[in-house]
Amino acid sequence: MRKEWPGIIEHYRDFLPVLPHTRPVTLLEGGTPLLPLERIPEKLGIKISLFAKIEGQNPTGSFKDRGMTLAVTKAHERGAKALICASTGNTSASAAAYGARAGLKVYVVIPEGKIAKGKLAQAVMHDSVVIQIQGLFDEALQVVREISETHPVALVNSVNPDRLEGQKTVSFEICDFLGHEPTYHFLPVGNAGNITASWMGYREYKMAGKMRELPRMVGVQAEGAAPIVKGHIVEKPETVASAIRIGNPASWQGALKAASESRGEIIALSDERILEAYRMLAREEGVFCEPASAASLAGVIEYARNGRFLSGETVVCTLTGHGLKDPETALSTPHSEIRVPPGKEAVLKVLGFH
Ligand code: F0G
């Protein structure tokens, strides 16, 4: 019988800051598919090996579970009784689930009316206390940071170093699966924890002799929420990709460092381009991710159109969250709705069989 995947803490114990007796709070996260995409490169007319790291297949449907298993394990080990986070939706869903698993109280602070319905449903179902603030994610993060400094609640945003330690395992998995490093790694950038952690993972794996070279990291922000690209805080970030609607990322410096050290870059693309990639993944490859996730593929499309890839290069894009989290955006994309009276005839007519 195949051995069950044990979750990222057990699988990568030697690379993580845990003690021999640490008992993971886990939902068996990680071990997500690295899916080859063949139709999209063909459509783009490029000869690269393109892979999607499907992080939407984590237990709560996003990459956040990798960092959350470690952050909650450590908080629990230290005797925390409650967790708190600010979120554009996925962090709160993950914190709520792992908190429930550990028997901890969870408080989540989210921007009112600005998180996708599926994510809100998750926070509610796992019985967290959902606090909607009439402001931005950036303001919510400020509030929870301050509260966690003075009150007995453990902060589980990515400013908590355990979150980044767990999240870095995505790079280990990519290299383990490919047998080498990719040439490029594209990913969406919001609060910039993920690009910081992924870069840390690659560097550590190289130090451990697990790979020879390092990939070039390309972070993609939405044009209306692109503080890193613009070089200044964005006061009123706006984008259809609500997960990355962030004007002042906590790991700003980490993202800049990842881009410069890897000879990569941070770019900004319009919502239109992000939605183009979102639809392309679903229609051409059968992969339904949430809009923010598609920013990574939008980056690949941009590079392809500008002739930036060399034939034979290996390109990975992280698809950070599952499409079902945000059914409203999906249903607002152009599609036909066909309604017919009951009975076979009308259906056959739609099928073109007369
Ligand atoms: N993609 C998705 C689906 C996300 O939820 C996030 C961040 C990102 C990309 C960007 O990752 O912040 O590490 O640069 N979501 C956070 C949240 C902010 O609260 O769920 P990042």
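Before moving on, here are some points about what is shown:
- Region 36-117: chymotrypsin sites (Phe, Trp or Tyr not before Pro) in DSSP coil with no more than 13 other Cβ atoms inside 10 Å: none
- The alpha carbon gyration tensor of region 7-124 gives principal lengths a ≥ b ≥ c with a/c of 1.5 or higher and a/b no greater than b/c, which makes the shape oblate.
- For region 87-173, fraction of C-alpha pairs farther apart than 23 Å, in %: 21 percent
- Computed FRET value (nearest 0.05) for residue 332 with residue 235, which takes r as the C-beta separation and R₀ as 35 Å: 0.85
- Positive dipole terminus of region 174-236, leading residue within 215, 190, 177 (C-beta point charges): 215
- Take the Cα radius of gyration of the chain and divide it by 2.2 N^0.38 Å, N being the number of residues; the result is 1.00.
- Solvent-accessible surface (1.4 angstrom probe) belonging to residue 28, in square angstrom, nearest 10: 70 Å²
- From largest to smallest, the equivalent ellipsoid semi-axes obtained for region 213-333 from the alpha-carbon gyration tensor read 22, 20, 12 Å.
- Secondary-structure-derived ellipticity at 222 nm for the chain, considering helices only, amounts to -12000 deg cm²/dmol, per-run term -39500 (n - 2.57) for DSSP H runs with n ≥ 4.
- Here region 167-220 has 47 percent of its accessible surface on carbon and sulfur atoms, given a 1.4 Å probe and all protein chains in place.
- Each Lys and Arg Cβ is given +1 and each Asp and Glu Cβ -1; about its Cα centre, the chain then shows a dipole of about 420 debye.
- Solvent-accessible area of residue 150, all protein chains in place: 100 Å² (probe radius 1.4 Å, heavy atoms, ligands and nucleic acids excluded).
- For region 275-319, the list of chymotrypsin sites (Phe, Trp or Tyr not before Pro) that fall in a loop by DSSP and count at most 14 other C-beta atoms within 10 angstrom is empty.
- Listed by chain and number, the aspartates and glutamates placed with their C-alpha closer than 18 angstrom to that of residue 3 are 29, 173, 176; residues fewer than eight positions away on the same chain are left out.
- Calculated P(r) tail over 18 Å for region 116-212, as whole % of Cα pairs: 61 percent
- Legend: distances between Cα atoms for 43/64; 64/119; 47/210; 64/105; pairs beyond 23 Å are 43/64; 47/210.
- The mean sequence distance of close C-alpha pairs (under 8 Å, at least 6 residues apart), as a share of the length of the chain, puts its relative contact order at 19 percent.
- Per residue accessible area in Å² of the chain, where ligands, DNA and RNA are left out and the probe is 1.4 Å: 46 Å²
- Largest-first ordering by accessible area, 1.4 Å probe, given options 125, 217, 280: 125, 280, 217
- Between the amide H of residue 132 and those of 110, distances stay under 5 Å, these residues lying 5 or more places away or on another chain, with hydrogens modeled in the peptide plane.
- Per-residue SASA entry for residue 275, accessible area with 1.4 Å probe, Å² rounded to 10: 40 Å²
- Mean separation of Cα contacts under 8 Å, 6 or more apart, over the residue count of region 34-129: relative contact order %: 21 percent
- Shape call, region 107-151: gyration tensor on alpha carbons, a/c limit 1.5: oblate
- Computed about its Cα centre, the charge dipole of region 112-193 is approximately 260 debye, with only Lys, Arg, Asp and Glu carrying charge at their Cβ.
- Cleavage-rule hits (GluC sites (Glu not before Pro)) in region 1-31: DSSP loop, at most 14 neighbouring Cβ within 10 angstrom: 4
- Summary value for region 13-54: 37 percent relative contact order, contacts being C-alpha pairs under 8 angstrom separated by 6+ residues.
- Annotation: amide H of residue 216 within the under-5 Å range of 184, 185, sequence separation 5 or more or interchain, hydrogens built in the peptide plane.
The values are calculated or read from the model by the stated rules, or taken from the named source; none is laboratory data. Quick caveat, the model's predicted, so the values are computed rather than measured. Please note: Cβ atoms are built from the backbone with ideal geometry, for glycine as well, and neighbour counts cover all protein chains shown. When the accessible area is computed, the model is the full protein with side chains, heavy atoms only, and any ligands, DNA or RNA have been set aside. Shrake-Rupley method; radii C 1.70, N 1.55, O 1.52, S 1.80 Å.
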